[in-house]
Amino acid sequence: MRVLLIKDVKGVGRRNQVVDVAEGYGRNFLIKKGLGIFSDERAIGMKKEAEREEEARKARYEKEYEKIKSEGIEIAVSAGDRGQVFEGVNRERIEKELEQKGVKEEKVLLKQTIKKLGEEEIEVRWPMGVGGKVKLKIVRK
């Protein structure tokens, strides 16, 4: 029996994959639990549509990454005369700045709070394996 998986099933296959399974397993477990549907013309059409949507989403994530990579991120903080920073820059603050630029669904990987003026390279990741290093510039208000 051929089944189109709606969700990832351990030991069977990944989402949007057509798999051959035993008749009883397909009917009594996968389809009954909502993990898959019969593989017919309608299901194949759904699979192609889902693949197009995933490709479009990945392209959008790549476009957002390239935009942020080229522009960089700049955050203004309160600092003293000798450059000591009074407020640290953490992951949430960077994500808030990215959201103001219209970027969502990203995850900033930051080992520790940044407490100095200047430029840093940080890691920014989106779903589907998109992302990389981005320049973060911390300036005085």
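A few comments on the model shown:
To keep it simple, each residue is scored yes or no on (1) part of a strand (DSSP E or B); (2) surrounded by 13 or more Cβ atoms within 10 Å (Cβ to Cβ); (3) more than 23 Å from the chain's Cα centre (by Cα).
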{"residue": "Ile37", "(1), (2), (3)": "yes, yes, yes"}
{"residue": "Glu49", "(1), (2), (3)": "no, no, no"}
{"residue": "Glu64", "(1), (2), (3)": "no, yes, no"}
{"residue": "Lys69", "(1), (2), (3)": "no, yes, no"}
{"residue": "Phe86", "(1), (2), (3)": "yes, no, yes"}
{"residue": "Lys115", "(1), (2), (3)": "yes, yes, yes"}
{"residue": "Glu121", "(1), (2), (3)": "yes, no, no"}
{"residue": "Lys133", "(1), (2), (3)": "yes, no, no"}
{"residue": "Ile138", "(1), (2), (3)": "yes, yes, yes"}
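- Filter result for Val103 (outside the structural domain of Glu51 (by TED's automatic domain parsing) and assigned to a strand (DSSP E or B)): no
- Close pairs (6 angstrom Cβ cut-off, 6 or more residues apart or separate chains): under 17 Å from Asp8 (Cβ atoms) in the stretch 47-59, at pLDDT below 90 and polar (S, T, N, Q) anywhere: Lys47/Asn16; Ala50/Asn16
- Across the stretch 21-35, the number of residues qualifying as exposed (fewer than 11 other Cβ atoms within 10 Å of the Cβ) and among the charged types (D, E, K, R) comes to 2.
The values are calculated or read from the model by the stated rules, or taken from the named source; none is laboratory data. Worth saying up front: this structure is predicted, and the values here are computed from it rather than measured. Cβ coordinates were reconstructed from backbone atoms using ideal geometry, including for glycine residues, and neighbour counts include every protein chain displayed.
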